[in-house]
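The values are calculated or read from the model by the stated rules, or taken from the named source; none is laboratory data. Everything numeric in this text was worked out from a predicted model, so none of it was measured. Neighbour counts run over all protein chains shown; Cβ positions are idealised from the backbone, glycine included. Areas reflect the complete protein model, heavy atoms only, side chains present, ligands, DNA and RNA absent. Shrake-Rupley method; radii C 1.70, N 1.55, O 1.52, S 1.80 Å.
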Amino acid sequence: MKAVRFQQFGGPEVLEIVDLPDPQPGPGQVRIAVRAAGVNASDWKKRRGLMDEGLPQTLGYEAAGVVDEIGEGVADVAVGDRVFGLSTEGMAQAELAVLSHYAPVPPSLDFAEAAALPAAVETATRALDQLGVGKGSALLVNGASGSVGSAAVQLAVARGARVIGTASPANHEYLRSLGAEPVAYGPGLVERVRALAPGGVDLALDVAGSGVLPELIELAGGAEHVVTLADFGGAQEHGVLFSRGDAGRALYVLGEIGELVETGRFTPPAVRTFPLTEVAEAHRTGEDGHVRGKLVLLVG
Ligand SMILES: NC(=O)c1ccc[n+]([C@@H]2O[C@H](COP(=O)([O-])OP(=O)(O)OC[C@H]3O[C@@H](n4cnc5c(N)ncnc54)[C@H](OP(=O)(O)O)[C@@H]3O)[C@@H](O)[C@H]2O)c1
């Protein structure tokens, strides 16, 4: 099968499409003929050598497609079903992918929209659970307009939270449409948030990793009320929890997100699609850092 791989660290030009052996589903896993696979910020962090050390590396943690083989013990889906989910092996940007965690594609979504969801909703749900976001919480999301941030906003609103989100001004109307009160990021953040919430917020989630953990701690009244998904060094320096998937994923949300989508309480991000062969262009677009919505590779 064709798959995205790189054999050396570097710019987008190191990405290549290679032939790899077809993967086989293990117990509890399904294999899909991939129709669409999500692109994530971790892809270019890996490509630049900022995450895993070994080479070569394949890419892709999420995909949607049609089940073409089921592993031992799988009884909840059959060959031919449309599913989306997570590939913990990280080889989903390929013609075939083994999904370790999956759910039926929500009926109103196409494959690209479904492939945009798993990593963002799992990450957002995990962080909201770690913060203890619930009905009546006042939550600040720093970096609210990207794929993880927009999922965190909507899932927090669905829990009954009040959400204030930072984004560049061009995305403020978008944040309002998701149910958040927008503020600009940058100098003066604390004062702008206090203008909306004079007593500060209960909880704060840093999705952007933009070096504002001290401000978030001040607004939320302590480091224990803050979680970051993107500022590893800042988390260590300021005693904030850095949320990472390998310490336990909120996989249950894959089975719940379909109902939120179908009942209009969760709007998937707009997707920007690229053929699998143009994965390097998808990286160039994403590395710009201001994508609204989600980059998705189309396969087949
Ligand atoms: N720890 C984990 O488990 C985990 C899992 C998934 C992702 N992540 C990390 O989470 C981060 C976000 O991922 P993503 O997929 O949501 O990225 P994305 O879709 O590319 O979104 C990036 C967003 O960051 C915003 N932004 C840029 N500069 C900012 C600043 N100075 N202050 C506040 N917001 C700013 C942009 O908003 P504007 O366009 O409005 O400026 C954009 O919407 C990445 O670093 C990724 O590696 C971590």
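When you scan segment 65-85, do you find a residue that is in contact (Cβ under 8 Å) with a residue 12 or more places away in the chain, crowded, with 23+ Cβ neighbours inside 10 Å and within 16 Å of the ligand (Cβ to nearest atom), even just one? Taking every residue of segment 65-85 in turn, at least one turns out to be in contact (Cβ under 8 Å) with a residue 12 or more places away in the chain, crowded, with 23+ Cβ neighbours inside 10 Å and within 16 Å of the ligand (Cβ to nearest atom). Scanning segment 260-276 for residues that are modelled with pLDDT of 95 or more, surrounded by fewer than 17 Cβ atoms within 10 Å (Cβ to Cβ) and not hydroxyl-bearing (Ser, Thr, Tyr) yields Glu262, Gly264, Arg265, Pro275. Do the conditions hold for Ala97, that is, is it part of a helix (DSSP H, G or I) and small (Gly, Ala, Ser)? Answer is no for this residue. Taking the criterion of being assigned to a strand (DSSP E or B) and over 23 Å from Leu260 (Cβ atoms), the only residue of segment 77-94 that qualifies is Ala94. The residue pairs whose first member lies in segment 113-135 and is farther than 26 Å from Val299 by Cβ, whose second member is of a type in the set (D, E, K, R), and whose beta carbons are closer than 6 Å, counting only pairs six or more residues apart or on different chains, are Val133/Arg159; Gly134/Arg159. Residues in segment 131-170 that are within 13 Å of the ligand (Cβ to nearest atom) and surrounded by fewer than 17 Cβ atoms within 10 Å (Cβ to Cβ): Ser168, Pro169, Ala170.
State all residues of segment 201-226 that are in a loop (DSSP other than H, G, I, E, B) and crowded, with 17+ Cβ neighbours inside 10 Å; if no residue qualifies, say none. Listed by number, the residues that qualify are Val201, Asp202, Val207, Ala208, Gly209, Ser210, Val212.
Would you confirm whether or not segment 118-139 contains a residue that is closer than 24 Å to Leu213 by Cβ and assigned to a strand (DSSP E or B)? The answer is yes, given that some residue of segment 118-139 is closer than 24 Å to Leu213 by Cβ and assigned to a strand (DSSP E or B). Filtered by the rule that a residue be of a type outside the set (D, E, K, R), under 18 Å from Thr273 (Cβ atoms) and open to solvent by 10 Å² or more (accessible area, probe 1.4 Å), segment 113-130 gives a lone residue, Ala119. Against the test of being near the ligand (Cβ under 10 Å from one of its atoms) and open to solvent by 70 Å² or more (accessible area, probe 1.4 Å), the options Ala230, Ala247 yield a single qualifying residue, Ala247. Pick out the one residue from Leu241, Leu216 that is touching a Leu at 6+ places or on another chain (Cβ under 7 Å) and in contact (Cβ under 8 Å) with a residue 40 or more places away in the chain. None of the other options fit; the residue is Leu216.
Here's the yes/no breakdown for (1) away from the ligand (no atom under 16 Å from the Cβ); (2) modelled with pLDDT under 95; (3) open to solvent by 50 Å² or more (accessible area, probe 1.4 Å):
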| residue | (1), (2), (3) |
| --- | --- |
| Asp19 | yes, no, yes |
| Pro23 | yes, no, no |
| Ala33 | yes, no, no |
| Trp44 | no, no, no |
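With respect to (1) open to solvent by 60 Å² or more (accessible area, probe 1.4 Å); (2) at pLDDT 95 or above, the lone exception for Thr88 is condition (2).
Please determine, by comparing only the residues of segment 277-294 that are under 22 Å from Ile32 (Cβ atoms) and out of contact with any Ser or Thr (no Cβ under 6 Å at 6 or more places or on another chain), which one is most open to solvent (accessible area, probe 1.4 Å). So, considering only residues that are under 22 Å from Ile32 (Cβ atoms) and out of contact with any Ser or Thr (no Cβ under 6 Å at 6 or more places or on another chain), the one most open to solvent (accessible area, probe 1.4 Å) is Thr277. For segment 50-64, the criterion of being over 22 Å from Glu16 (Cα atoms), away from the ligand (no atom under 16 Å from the Cβ) and within 18 Å of the chain's Cα centre (by Cα) is met by no residue.
Take Asp110 and tell me if it is open to solvent by 20 Å² or more (accessible area, probe 1.4 Å) and in the same structural domain as Pro25 (by TED's automatic domain parsing). So Asp110 passes the test.
The single condition among (1) under 26 Å from Arg249 (Cβ atoms); (2) open to solvent by 10 Å² or more (accessible area, probe 1.4 Å); (3) modelled with pLDDT of 95 or more that Gly188 does not satisfy is (1).
Residues considered: Thr58, Thr123, Thr88. Of these, the only one that is closer than 30 Å to Ala220 by Cα and among the β-branched types (Val, Ile, Thr) is Thr123.
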